[in-house]
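*Asks:* Next up is a structure, given as C-alpha cells.
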Amino acid sequence: MQGFSLAFNVVVPLVIYMAVGVLIRALKLFSEDTLRELNAVIFKVLIPLSLFFDIYSADLDNVVSAPLFLWTSGLITATFVIALLVSIKLIPDRADVPTVAQGIYRSNTVLFGTVISRSIAGETGAAIMAALFVVVVPLLNILAVIDFEVMRGGKVNIKKTLWQIAKNPLVVAGILGGLVNLSGIRLPELVCAPLMTLGELASPLALVVLGAMLSFKSMVSHRGRLLAAVFCKLVAVPAVCLSIMALLGYRGASMAALLAVFASPTAVASTPMAQTLGGNVKLAGEIVALTTALSVVTVFLFIAALSNLGLL
C-alpha cells in the first residue's frame with residue numbers, strides 16, 4: 001500500500017501539469033509558434049539553470065559513482081543496438097527504422113528525470129539525476145546521430161557531432177556546475193536566489209507546455225510500429241534495465257534516478273531529430289505523444305512495484 005501511495009504522490013502532479021497544458025491547447029490560449037518559443041526558453045535557459053544549481057549544491061563525493069555511470073551508459077547503448085537491429089530486421093521502411101529505434105532508447109530524462117527523482121528521493125535523488133545528465137544527454141545525442149546516419153547510408157561526422165554536443169546547454173550547465181562545485185567557489189546568495197527560482201519553474205512549465213503540444217492525429221496508419229515502440233519504451237526496456245540494476249545492488253536514490261532514466265517517455269527532441277535526419281516525422285511525434293500520455297500509468301506502476309519490493 002505504501003508503494004501505491006508513493007507512486008500516487010509522484011504521478012498526480014505530472015498529470016495536473018500536463019492537464020493544464022491540454023486545457024490551454026483546448027482554449028487556444030497559445031499559438032503553436034508561441035508554444036515552440038516557450039519550449040526553446042525552457043530547454044535552453046530554465047532547465048540548464050536547474051541542472052547547474054542541482055550539481056552546484058550537490059555533495060559530489062557522495063553522489064558521483066563511476067560504476068553507476070558505466071552501467072547506465074552500457075544499458076542505454078545496449079538498448080540502442082538491440083532496438084536498431086530488431087527494427088532493421090522487422091521494418092521494411094528505412095525512414096521508419098531509425099524513428100522506431102529512437103523512440104525506444106531515447107528517454108525524456110531531462111524533463112521527467114528531476115521531477116521523478118526529486119519526488120521519490122528528495123535532493124539526493126535530484127543530485128544523482130543531475131550528475132547522470134552529464135553522461136546521459138551527450139550519449140543519447142551521439143546515438144541518435146549514429147542511428148539516422150547509419151540508415152541513410154551516410155557517414156557520421158564525428159567532429160560536427162562532438163561540437164553539437166559541446167554546445168548543448170544541458171552539457172554546458174552540467175560541466176559548469178561540476179567545475180564550480182569542485183572549485184569550492186560559493187556564488188553570492190543575492191545572485192543564486194533569483195536564478196534558482198527561475199530554475200525551479202523549469203519542470204512544471206515544461207510539463208504544461210508538453211501537455212499543450214500533445215497531438216494524437218493520424219496514429220491509425222502507424223498503429224503496429226507505434227504500439228511496438230510504446231510497449232518497448234514504457235514496459236520492456238525499464239523492466240529489463242531496472243531488474244539488472246537491482247541485481248547489481250542499486251537501491252534508494254540511485255534507483256529513483258535510474259527509474260527516471262529508463263522509464264521516462266520518449267524525448268520530445270526525437271521529433272525534430274527525425275525531421276532533420278530523414279526519419280518519419282509523423283511517427284516520431286506520435287511515439288512522443290503516446291509514450292508521454294501512457295507513461296503516467298506505467299511510471300505509477302513501476303514506482304509502486306519498486307517501492308513494494310524495497311528498492312525505493
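The values are calculated or read from the model by the stated rules, or taken from the named source; none is laboratory data. Predicted model, so just to flag it, every value in this text is computed and none were measured. Using ideal geometry, Cβ is built from the backbone for each residue, glycine included, and neighbour counts are taken over all protein chains shown.
*Asks:* Taking the condition crowded, with 16+ Cβ neighbours inside 10 Å, touching a helix residue (DSSP H, G or I) at 6+ places or on another chain (Cβ under 6 Å) and within 24 Å of M245 (Cα to Cα), does L84 pass?
*Replies:* Taking the combined requirement at face value, the residue satisfies it.
*Asks:* Any residue at all in the range 212-231 that's touching a strand residue (DSSP E or B) at 6+ places or on another chain (Cβ under 8 Å), under 30 Å from V150 (Cα atoms) and of a type in the set (A, V, I, L, M, F, W, C)?
*Replies:* yes
*Asks:* Can you tell me which of V268, V299 is in contact (Cβ under 8 Å) with a residue 40 or more places away in the chain, in a loop (DSSP other than H, G, I, E, B) and either closer than 22 Å to T114 by Cα or touching a helix residue (DSSP H, G or I) at 6+ places or on another chain (Cβ under 8 Å) (or both)?
*Replies:* Selected residue: V268, the only one of V268, V299 that is in contact (Cβ under 8 Å) with a residue 40 or more places away in the chain, in a loop (DSSP other than H, G, I, E, B) and either closer than 22 Å to T114 by Cα or touching a helix residue (DSSP H, G or I) at 6+ places or on another chain (Cβ under 8 Å) (or both).
*Asks:* Determine whether the range 51-59 contains at least one residue that is crowded, with 21+ Cβ neighbours inside 10 Å and assigned to a loop (DSSP other than H, G, I, E, B).
*Replies:* yes
*Asks:* Right, another one. Of the residues that make up the range 117-125, is at least one under 27 Å from V230 (Cα atoms) and among the polar types (S, T, N, Q)?
*Replies:* yes
*Asks:* Before we move on, is S119 at pLDDT 85 or above, in a helix (DSSP H, G or I) and under 15 Å from the mean Cα position of the chain (by Cα)?
*Replies:* When the stated conditions are applied, S119 does not pass them.
*Asks:* Under 18 Å from the mean Cα position of the chain (by Cα), buried (at least 24 other Cβ atoms within 10 Å of the Cβ) and at pLDDT below 85 - does that describe any residue in the range 272-286?
*Replies:* yes
*Asks:* Scan the range 63-95 for residues that are at pLDDT below 90, in contact with a Ser or Thr (Cβ under 8 Å, 6 or more places away or on another chain) and in a helix (DSSP H, G or I) and jot them down.
*Replies:* Hit for the range 63-95 is V63, nothing else.
*Asks:* Turning to a different aspect of this structure: Taking the condition free of Cβ contacts under 8 Å to residues at least 40 places away in the same chain and either assigned to a helix (DSSP H, G or I) or within 26 Å of F300 (Cβ to Cβ) (or both), does V20 pass?
*Replies:* no
*Asks:* So the check is Cβ under 7 Å with 6+ separation or different chains; which pairs have a first residue in the range 162-173 that's within 19 Å of T109 (Cα to Cα) and touching a residue at least 12 places away in the same chain (Cβ under 8 Å) and a second one that's in a helix (DSSP H, G or I) and among the basic types (K, R)?
*Replies:* P169/K44
*Asks:* Further question on the same structure: Residue check: is I185 surrounded by fewer than 22 Cβ atoms within 10 Å (Cβ to Cβ), touching a residue at least 12 places away in the same chain (Cβ under 8 Å) and hydrophobic (A, V, I, L, M, F, W, C)?
*Replies:* Answer is no for this residue.
*Asks:* Next up: Determine which member of the set L198, L176, L170, L190 is buried (at least 17 other Cβ atoms within 10 Å of the Cβ), of a type outside the set (K, R) and either modelled with pLDDT of 90 or more or part of a helix (DSSP H, G or I) (or both).
*Replies:* One residue alone meets the criteria, L170.
*Asks:* Just one of the numbered conditions (1) buried (at least 22 other Cβ atoms within 10 Å of the Cβ); (2) of a type in the set (D, E); (3) under 30 Å from F8 (Cα atoms) is not true of E123; which one?
*Replies:* (1)
*Asks:* Looking for whichever is at pLDDT 85 or above and over 26 Å from L309 (Cβ atoms) here; the options are L205, L234. Which one fits?
*Replies:* L205
*Asks:* Do the conditions hold for A40, that is, is it more than 21 Å from the chain's Cα centre (by Cα), within 24 Å of G285 (Cα to Cα) and modelled with pLDDT under 90?
*Replies:* When the stated conditions are applied, A40 does not pass them.
*Asks:* Return yes when V15 is assigned to a helix (DSSP H, G or I), farther than 18 Å from A121 by Cβ and under 18 Å from the mean Cα position of the chain (by Cα) and no when it is not.
*Replies:* It is true that V15 is assigned to a helix (DSSP H, G or I), farther than 18 Å from A121 by Cβ and under 18 Å from the mean Cα position of the chain (by Cα).
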